[in-house]
Amino acid sequence: MSVTTPAPRLHWIVTTHWVIRSVGFPIVLLLLAIHLWGQEPPLWAWVLLGVQFLLYPHLIYLRARRAGNPRQAELQHLWLDSFLFGAWAAWLGFPFFIAFALFISSAVNNAIFRGVSGIFWAIGLFAAGALLGGTLGGWQFQPQESTVVMLIFMLGLSVYLLSIGVLAHRRTLALRKTRESLRARESELQALNGALSERLHEIERLQVELREQAIRDPLTGMFNRRYLQSTLEREWARCQREKLPLCVALLDIDHFKQINDRYGHGAGDQVLIRLAQLLNDAIRREDLACRYGGEEFLLLLPGMGADVAYERAQVLRQAFAALEIWVNGARLSLSLSVGVAVAPLHASEPDALIHQADLALYAAKAQGRNRVLLAEVGWAGGP
Ligand SMILES: Nc1nc2c(ncn2[C@@H]2O[C@H](COP(=O)(O)OP(=O)(O)OP(=O)(O)O)[C@@H](O)[C@H]2O)c(=O)[nH]1
């Protein structure tokens with residue numbers, strides 16, 4: 001597959017100069033012909049004049065079109081203009097107005113392109129061209145020209161300079177338009193940027209929300225079992241490092257199924273929510289309360305010894321029993337059982353600690369519920 005490189009964009013100045021030269025040069029030729037009429041110049045001079053003022057504009061236009069850098073090529077053409085105009089001015093014997101018009105038009109073009117340095121280039125090249133023209137054609141000085149030629153040259157020069165003024169004005173308008181549309185695009189981009197960063201914030205917020213949802217129980221808003229797992233490992237390592245006890249209390253609502261069956265699932269949910277509130281209010285900043293299963297909750301209590309944990313669990317049990325939850329005019333009778341285990345007394349690894357608390361909970365249920373039981377050293381799975 002062949003890859004075609006796009007043709008370089010033709011600079012507007014190339015086309016503009018082509019139009020100006022195509023129109024202006026034949027007029028200059030006509031004026032020179034009037035000027036030379038009667039002086040009987042040699043045939044080769046007419047041929048050269050024809051090439052310069054009729055063919056040359058199109059030849060250099062074609063060259064600029066084909067150039068890798070049309071703008072650069074056009075700059076060289078402006079230099080060539082100055083040089084050739086200098087040569088013609090010298091060959092003609094420096095007729096005052098013609099020479100002046102040839103020089104100033106090429107100097108203006110160079111100035112537009114390159115500023116002050118363009119003017120100096122035009123002077124230098126015009127002088128070099130004049131040197132060549134004078135050397136080849138013989139030095140002569142005939143500044144006089146007919147009034148008609150002078151007037152027509154003045155007119156032509158005025159038209160030329162005025163059209164440059166109009167062109168400059170059009171370019172200014174075009175530039176202003178471009179600037180305005182750029183500004184409009186800029187504010188469009190700014191608005192887009194604003195909308196984009198708003199969306200980004202929204203995505204970030206959703207990400208945070210999703211992360212929260214992944215670690216929270218939707219009903220009670222408590223942390224879930226997944227979150228417990230990572231926290232337990234971390235707290236276990238910390239307590240071991242700092243030689244602190246780590247306590248786990250497993251709480252299970254007694255006969256919760258009956259509440260659901262008797263008063264409906266909504267009532268059961270309400271009980272779960274109230275217990276969650278109770279636990280959240282009771283724990284310290286360093287503790288973790290989470291929903292461990294259906295009606296089962298877990299407290300992770302770093303740095304808390306077995307006795308204190310037992311007392312805390314008793315207080316919670318009583319507080320839960322004292323909760324006033326009314327359904328259809330009847331107050332629910334509530335109680336819960338709690339199993340408590342402490343590391344390193346009851347377990348030598350995180351999972352075993354929960355298992356020991358679970359065994360204690362099971363024993364509390366077996367002994368009639370509504371009580372707190374501490375794990376016993378020597379239970380299966382213990383250290
Ligand atoms: N309302 C409600 N009920 C739930 C939820 N999750 C689990 N349960 C119910 O909790 C009940 C647990 O019943 P069981 O495991 O038999 O325990 P229990 O009735 O509390 O009996 P003991 O634990 O032995 O005292 C089941 O009926 C579950 O359907 C929940 O999110 N909302």
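Only the coordinates and a few stated rules stand behind these numbers; no lab work does. Predicted, not measured: the structure shown is a model, and the values here were computed from it. Backbone-built Cβ (ideal geometry, glycine too); neighbour counts: all protein chains shown.
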Inset, instruction - Counting helices only, and only those DSSP H runs with n ≥ 4, report the 222 nm mean residue ellipticity of the chain as the sum of -39,500 (n - 2.57) divided by its residues, in deg cm²/dmol to the nearest 500. - result: -23000 deg cm²/dmol
Inset, instruction - Provide the packing ranking of 351-363, 118-130, i.e. peptides ordered by the mean count of other C-beta atoms within 10 Å per residue, highest first. - result: 351-363, 118-130
Legend entry - Set of lysines near LYS365 by C-alpha distance (under 27 Å), chain-local residues within fewer than 8 positions excluded: LYS257
Legend entry - Computed over the chain: relative contact order in percent, which uses C-alpha pairs under 8 Å that are six or more apart: 11
Legend entry - Computed E for ALA366/LYS257 - FRET, C-beta separation, R0 22 angstrom, nearest 0.05: 0.80
Inset, instruction - List the trypsin sites (Lys or Arg not before Pro) within region 144-252 that fall in a DSSP loop (any state other than H, G, I, E or B) and whose Cβ has at most 16 other Cβ atoms within 10 Å. - result: LYS243
Inset, instruction - Taking the Cβ of ILE60 as the centre, find all other residues whose Cβ is under 13 Å away and add up their charges (Lys, Arg: +1; Asp, Glu: -1). - result: +2
Inset, instruction - Mind listing the long-range amide H neighbours of VAL327? Cut-off is under 5 Å, sequence gap 5 or more, other chains count too, H placed in the peptide plane at 1.01 Å from N. - result: LEU332
Inset, instruction - Treat the count of other C-beta atoms within 10 Å as a stand-in for reagent exposure and order SER106, SER146, SER181 from fewest to most. - result: SER181, SER146, SER106
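To the nearest 20 Debye, how big is the dipole of the chain about its Cα centre, given +1 on the beta carbon of each Lys and Arg and -1 on that of each Asp and Glu?
About 1260 debye.
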Inset, instruction - Tabulate in residue order the Karplus-calculated ³J(HN,Hα) for region 267-283, using 6.51 cos²θ - 1.76 cosθ + 1.60 with θ = phi - 60°, rounded to whole Hz; enter x for Gly and Pro. - result: 5, x, 4, 4, 5, 4, 5, 5, 5, 4, 4, 4, 5, 4, 6, 8, 7
Legend entry - Residue exposure sequence - ILE215, ILE253 - by fewest surrounding Cβ within 10 Å: ILE215, ILE253
Legend entry - Residue-by-residue Karplus 3J(HN,Hα) for region 67-75, coefficients 6.51, -1.76, 1.60, Hz, glycine and proline x: 5, x, 10, x, 5, 5, 4, 5, 4
Inset, instruction - Have a look at the DSSP beta bridges in the chain and tell me what percent are antiparallel, nearest 5. - result: 85
Legend entry - Distance (nanometres) between label positions extended 7 Å along Cα→Cβ at ARG65 and ASN193: 4.3
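Write out the GluC sites (Glu not before Pro) in region 304-383 meeting two conditions: DSSP loop, and at most 12 other Cβ atoms within 10 Å of their Cβ. Show your work: numbers first, answer last.
Details: sites: GLU311, GLU324, GLU376; in loops: GLU324, GLU376.
Here the sparse-neighbourhood loop sites are GLU324.
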Legend entry - Helix 147-215 axis, angle to the chain major axis (alpha carbon atoms, nearest 10°): 10
Legend entry - GLU198, GLU349 arranged by Cβ crowding within 10 Å, fewest neighbours leading: GLU198, GLU349
Inset, instruction - Sort out for me the Cα centre separation of region 193-246 from region 122-181, rounded to whole Å. - result: 79
Inset, instruction - For region 349-363, just list the computed ³J(HN,Hα) in residue order, Karplus coefficients 6.51, -1.76 and 1.60, θ = phi - 60°, integers in Hz, with x standing in for Gly and Pro. - result: 8, x, 5, 5, 5, 5, 4, 5, 5, 5, 4, 5, 5, 4, 5
Inset, instruction - Compute the length gained on full extension between THR135 and THR178: take 0.36 nm times their separation in residues and subtract their Cα-Cα distance, giving the result in nm to one decimal. - result: 10.5 nm
